[in-house]
Amino acid sequence: MKKYWFTLFLASFFEVLWVIGLAHSYNFLTWTLTVILIILSNTLMIKVAQVLPTTTVYTMFVGLGAGGTVVVEILFFGEPFNWLKIFLILILLTSVIGLMIVTDYEKQQSEARYES
């Protein structure tokens, strides 16, 4: 089960990279890399969604990608720092972690019912 969550985090990391690529690509190589990252991140997300609940996977994928993109833009690309943005990202990440915990709990409960 943990490998699927890791794969989802990896897919979200690649999403952050391709979103940044959309904004900062300037030649054939950088656009090609951006397209490869789009394909890779979506492929990984789809593979995870075949095992974990699709709504949870997609929500986490988008939430982690959005939060990660904002943080990277602030750290590396001169986006103005704003405490309210940071606070809202922390709420988003808390919600994403909560979804992961609840989904694991629901999965364990359903597995326990089938074993009985």
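Of note:
- Glu115 being modelled with pLDDT of 90 or more and among the charged types (D, E, K, R): no
- Residues in the range 41-55 that are without any contact (Cβ under 8 Å) to a residue 12 or more places away in the chain and within 12 Å of Trp5 (Cα to Cα): Ala49 only.
- Candidates in the range 1-19 are the residues that are among the hydroxyl-bearing types (Ser, Thr, Tyr) and within 11 Å of the chain's Cα centre (by Cα); of these, the one that is surrounded by the most Cβ atoms within 10 Å (Cβ to Cβ) is Ser12.
- Counted residues, the range 24-34 - those being part of a helix (DSSP H, G or I) and surrounded by 13 or more Cβ atoms within 10 Å (Cβ to Cβ): 3
- Glu79 vs. criteria charged (D, E, K, R) and either within 15 Å of the chain's Cα centre (by Cα) or part of a helix (DSSP H, G or I) (or both): no
- Just one of (1) at pLDDT 90 or above; (2) surrounded by 17 or more Cβ atoms within 10 Å (Cβ to Cβ) fails for Leu52. It is (1).
- Within the set Tyr58, Tyr105, the sole residue that is open to solvent by 70 Å² or more (accessible area, probe 1.4 Å), within 22 Å of Lys3 (Cα to Cα) and either at pLDDT below 85 or not in a helix (DSSP H, G or I) (or both) turns out to be Tyr105.
The values are calculated or read from the model by the stated rules, or taken from the named source; none is laboratory data. Given the structure is predicted, the values throughout are model-derived calculations rather than measurements. So basically every Cβ, Gly included, is an ideal-geometry build from the backbone, and we count neighbours across all protein chains shown. Note: areas computed on protein heavy atoms with side chains; ligands, DNA, RNA excluded. Shrake-Rupley method; radii C 1.70, N 1.55, O 1.52, S 1.80 Å.
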